[in-house]
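Working notes, structure below.
The values are calculated or read from the model by the stated rules, or taken from the named source; none is laboratory data. This one's a predicted model, so the numbers in the text were calculated from it and none came from an experiment. Quick reminder, even Gly has a Cβ in these numbers, built from the backbone with ideal geometry, and neighbours come from all protein chains shown.
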Amino acid sequence: MTAELNSKPGVDNITPIRPLAAQKELRCRSCKASISRIKRGPFVKTFLFWLPIKRYVCYRCNRKSYRFDKTGK
Ligand SMILES: [Zn+2]
């Protein structure tokens with residue numbers, strides 16, 4: 001008869017640590033600086049208002065770009 005005592009204190013309770021990546025930072029395509037959201041232009045507001053796009057500007061290289069907003073839903 002063998003009595004195996006497997007009483008290990010502190011069982012490996014592996015809890016996956018998720019990095020807080022809730023706020024994903026958008027970066028400029030050319031200079032990789034973080035870009036900020038600005039208001040959409042009148043053309044987009046009038047004709048493409050139904051599109052989930054947002055306008056961003058990079059203050060480093062002064063580039064403006066539209067990005068699809070996939071955060072909804
Ligand atoms: Zn840039």
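Results for (1) closer than 18 Å to K70 by Cα; (2) modelled with pLDDT of 80 or more, shown as yes or no for each residue.
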| site | (1), (2) |
| --- | --- |
| N13 | no, no |
| I17 | no, no |
| R27 | yes, yes |
| C31 | no, yes |
| K39 | yes, yes |
Considering each residue of region 39-73, count those that are touching a Leu at 6+ places or on another chain (Cβ under 7 Å) and either at positive phi or among the hydroxyl-bearing types (S, T, Y) (or both), and give that number. 1
Only one of these conditions is not met by C31: (1) surrounded by 10 or more Cβ atoms within 10 Å (Cβ to Cβ); (2) within 14 Å of the ligand (Cβ to nearest atom); (3) within 17 Å of the chain's Cα centre (by Cα); (4) free of Cβ contacts under 8 Å to residues at least 40 places away in the same chain. Which number is it? (3)
